[in-house]
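The values are calculated or read from the model by the stated rules, or taken from the named source; none is laboratory data. Given the structure is predicted, the values throughout are model-derived calculations rather than measurements. Virtual Cβ from ideal backbone geometry, glycine too; neighbours counted across all protein chains shown. Heads up: the accessible areas ignore ligands, DNA and RNA and are worked out on the full protein's heavy atoms, side chains in. Shrake-Rupley method; radii C 1.70, N 1.55, O 1.52, S 1.80 Å.
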Amino acid sequence: MFHRPLIPILFAFAGGILVAHKGLAPCQGLALPMFISITLCLFAILFLSSRLRLALLLITFFFTGILVDSGKHHSSELLPWAINRQKVTIEGTVLEPARISDKIARLKVRAQRLFAGGKSIRINDNILVTVYNNIPHITPGDKVRFPARLRPFKNFNNPGGYDYESAMKLKGLTCAASVSDGRRIVPMGPGLLPFPGALLEKIQRPVRDLFSGNLGPEDEALFRALILGERQGISRQLREPFNRTGLGHVLAVSGLHIGLVAWISFFFFKSILSRSYKLVLKTDIQKLTALLTCVPVIGYTCLAGFQVSSQRAMIMVLAFLCSLILRREKEVWSTLALAGLIILAVDPHALFSLSFQLSFSAVVGILWLTPSVLKIIPSPHETPQRKMSIFNNISLYFIGLIAVSISATLFLLPIISFYFHRVSLVTIPANLTVVPILGLWIIPNGLLSAVILPFSAQAANLFLHLGAWGLHAIMEIIRFWSGLSWASAWVVTPNLFEMLMFYALILFIFFFKRRAWARVGLAVLTVFILVDIGYWTYRVHFNRDLKVTFLDVGQANAALVEFPGGQKMLIDGGGFPSDRFDVGKMVVAPFLWHSKIKKIDYLVLSHPQSDHMNGLRFIAKEFQPKEFWYNGDDVKTASFKELMAIIESKKIKRLLPVDLVEGRKINEAKIDYLYPPPVRKKLNLFYNGTRLNNNSLVLKISFNGKSFLFPGDLEREGEALLVSSKQNALKSDVLLSPHHGSRSSSTREFLRMVKPGICVISSGQGNFFGFPHEQTLKRLRDIGCRAIRIDRSGAVQCTVGPNDRFEVRTFIKNRTF
């Protein structure tokens with residue numbers, strides 16, 4: 001530690017940022033005491049011994065971390081308007097090219113003025129604007145004015161869910177804004193881009209035009225991502241093969257791209273400079289080469305828009321180049337720590353960003369594990385009798401690439417599993433076959449086309465098409481690897497303790513032969529790993545409780561039922577009418593993986609409407625259900641056809657009302673089928689406007705004296721039929737509010753018959769319909785029923801256990817009823 005003080009200093013600085021960000025509320029009065037503490041520590045350092053000096057220095061950097069983080073919290077004039085979902089007029093400057101998908105545009109705007117209630121308010125917030133129709137031609141730097149409805153960013157509040165709110169804050173975005181018609185966006189002339197945005201846009205725009213004018217849509221989107229750092233054109237369909245092969249990092253200009261440019265530039269400059277005999281004698285070629293390499297590294301970062309991920313990669317590469325210039329190239333750990341300190345000093349919140357965690361961890365893994373991996377892989381060596389041939393040099397290059405890929409992949413495994421829930425099984429061969437072409441052909445030709453463009457458009461076009469040949473080649477390779485059925489696997493989400501155990505395992509194995517403490521640690525760690533496996537195996541497969549979790553899926557329904565003994569049932573899967581966001585993949589599945597659930601035994605669809613059905617497709621495809629229960633209604637929507645095709649292809653048994661009329665018993669938990677009648681004329685019971693809702697499949701689940709009623713989207717007509725046919729059989733302790741709390745449901749007669757103690761209402765915050773309606777809430781209050789709104793409480797979990805144990809917990813604030 002005393003030989004490399006930058007490493008503990010980095011940990012102290014990061015610790016201060018972490019404590020300030022997670023443990024301290026934003027406070028304007030915090031800066032002064034922190035500044036005084038830092039000053040006193042620095043003064044005391046002058047009079048202490050070297051050992052105490054380092055300890056006090058660590059405390060100083062810890063306080064500095066708190067100070068710099070507190071300086072990043074700023075109040076917003078715009079956020080209160082967004083919380084109230086106000087309709088206002090915004091004036092601002094477009095910061096980035098629009099991302100257009102499915103005739104909807106999303107663009108980042110620096111809002112500079114707000115007009116509302118006859119007032120004009122000066123503001124300074126970045127917002128994410130969504131334009132739904134008639135998308136105008138807008139470029140970065142354009143000043144625009146438009147009416148919009150503001151809304152805050154909101155999470156789906158489920159255990160294991162993606163923290164969307166924090167992610168948007170890390171991107172510097174205050175809120176979202178919706179524009180219903182692009183024709184309402186009024187151009188106001190050139191705007192003022194923040195430094196160095198205007199300069200970068202002048203550099204990027206002609207290159208962007210070169211790509212759009214000479215390449216097809218897919219090639220243009222990929223070149224913009226690889227050269228300009230603009231991923232706006234990358235669609236979900238184009239991204240998926242990269243994700244399956246573990247090559248998603250290729251699409252963001254980051255450490256790989258900047259490192260490749262630095263590597264190629266370094267050897268290019270070194271080969272050129274080494275040809276001069278006089279220069280070799282008079283100058284340190286390595287220092288001069290490292291200095292010259294800084295130029296293309298900085299240039300590429302600027303061409304890529306000086307975005308956050310490329311900035312951090314540039315800082316790390318420049319730090320290593322400086323170590324060469326200062327003849328400290330062997331101090332790789334100190335150099336890495338210095339790069340981390342600079343990155344966090346510039347942006348302390350980088351500590352919480354995924355790109356920083358991935359890039360920094362990858363470098364740590366490469367530096368630490370690659371030498372050990374190389375010892376395992378046999379490689380050719382140069383001897384005095386035989387010089388290395390070209391073949392051997394190529395072999396060494398690929399052996400090094402294999403070692404680096406294995407080291408980075410292994411070290412990143414817990415982080416990738418935590419954030420992406422997916423592990424690519426072909427990532428090493430995919431990287432081996434793609435990265436050389438990318439680094440030696442595509443990026444160099446793409447950059448050459450950008451550099452030559454001001455001098456010759458024809459030459460630029462030639463290099464661009466040369467690069468496109470390589471691009472076509474790697475796309476064929478990527479599609480080959482991603483096309484393998486076993487290319488990737490979805491995995492359960494590790495918790496923090498399990499991630500720490502994984503890294504402890506690597507540490508103990510690394511020192512196993514050399515340190516006695518490592519052998520003891522490995523034995524103790526093995527016990528912890530077995531206990532962890534045993535705990536989750538019992539909890540998922542042998543639990544004795546009935547657990548019902550009503551998930552937060554916005555303006556939709558989804559509920560997971562965990563039966564005693566381990567079988568699982570998912571009743572509805574949520575979804576949105578537009579079907580641009582896969583709720584099953586992005587919301588329901590992460591909760592299941594967080595709960596270590598890899599299999600759903602029963603899928604239940606109450607009725608085929610998007611807010612109940614669309615999320616079931618991913619679950620049906622990836623969670624191996626054995627039965628699919630539904631009411632038999634058939635609709636012509638694409639999502640229903642896709643769901644039924646998945647059910648058919650996976651050979652999942654379909655059960656209709658006639659198959660369910662006898663109910664089912666699963667390890668002492670009883671499932672009663674209540675509605676609709678197994679024999680009926682579907683189309684004539686109700687008029688078309690409410691037919692699907694009033695045909696909802698209704699289930700009642702009972703265990704240990706407690707019961708849950710799932711009525712789908714029944715409205716008053718369906719409720720009346722249900723009450724008349726089932727009467728006292730409807731009595732339940734917990735009711736999922738029919739039709740999301742609409743006034744057209746939850747009639748007084750229905751509620752009096754059910755007599756719920758708790759009613760869970762699943763509706764989206766600020767939804768267009770105004771659910772739940774006040775009339776529904778009043779009816780619930782009149783019968784003494786507690787209403788729990790998922791849009792305010794987050795996911796609701798009810799547990800029924802032995803000895804009359806009954807608990808109701810909510811995700812937000814972890815309240816218990």
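Odds and ends about this structure:
- 22 Å Cα-Cα reach of residue 119 towards lysines, excluding residues that sit fewer than 8 places from it in its own chain: 87, 143
- Cβ-Cβ distance of residue 31 and residue 504, R₀ of 25 Å, FRET efficiency by 1/(1 + (r/R0)^6): the value works out to about 0.10.
- Solvent-accessible area of residue 650 with every protein chain in place, 1.4 Å probe, in Å² to the nearest 10: 100 Å²
- Separation of region 695-743 from region 457-473 is 63 Å, based on Cα centroids.
- A cut-off of 5 Å between modelled amide H atoms, ignoring neighbours fewer than 5 places along the same chain, links residue 654 with 628.
- Percent accessible area from carbon and sulfur atoms, the chain, protein chains only, probe 1.4 Å: 63 percent
- Length-normalised contact order of the chain in % [C-alpha pairs under 8 Å, at least 6 apart]: 8 percent
- Rounded to whole Hz, the Karplus (6.51, -1.76, 1.60) HN-Hα couplings of region 517-526, x for glycine and proline: 4, 5, 5, 5, x, 5, 5, 5, 5, 4
- Long-range Cα-Cα pairs in region 300-442 (distance over 22 Å), rounded percent: 52 percent
- For the chain, the antiparallel share of DSSP beta bridges with both residues in that region comes to about 75%.
- Cα-projected label distance for residue 132 with residue 287, points at 7 Å along beta-carbon direction, nm: 6.4 nm
- Per residue, in Å², the accessible surface of the chain once ligands and nucleic acids are set aside, probe 1.4 Å: 48 Å²
- 0 to 90° range, to nearest 10: angle between helix 354-376 axis and the chain longest Cα axis: 60 degrees
- Taking Cα atoms only, the orientation of helix 332-346 departs from the longest principal axis of the chain by about 60 degrees.
- Restraint check, 670/731; 568/641; 108/171; 108/585, Cα-Cα greater than 21 Å: 568/641; 108/585
- Within the chain, longest stretch free of exposed GluC sites (Glu not before Pro) [DSSP loop, at most 12 other beta carbons within 10 Å]: 1-381
- Taking only the C-alpha atoms of region 87-219, Rg followed by Dmax gives 15.9, 48 Å.
- Placed amide H near residue 736: partners under 5 Å, 5+ positions off or other chain: 709, 760
- For the chain, the longest principal axis of the alpha carbon atoms and the long axis of helix 427-437 meet at an angle near 50°.
- For region 549-699, the antiparallel share of DSSP beta bridges with both residues in that region comes to about 55%.
- Straight-line reach from residue 282: taking Cα to Cα under 21 Å and skipping same-chain neighbours fewer than 8 places apart, the lysines in range are 270.
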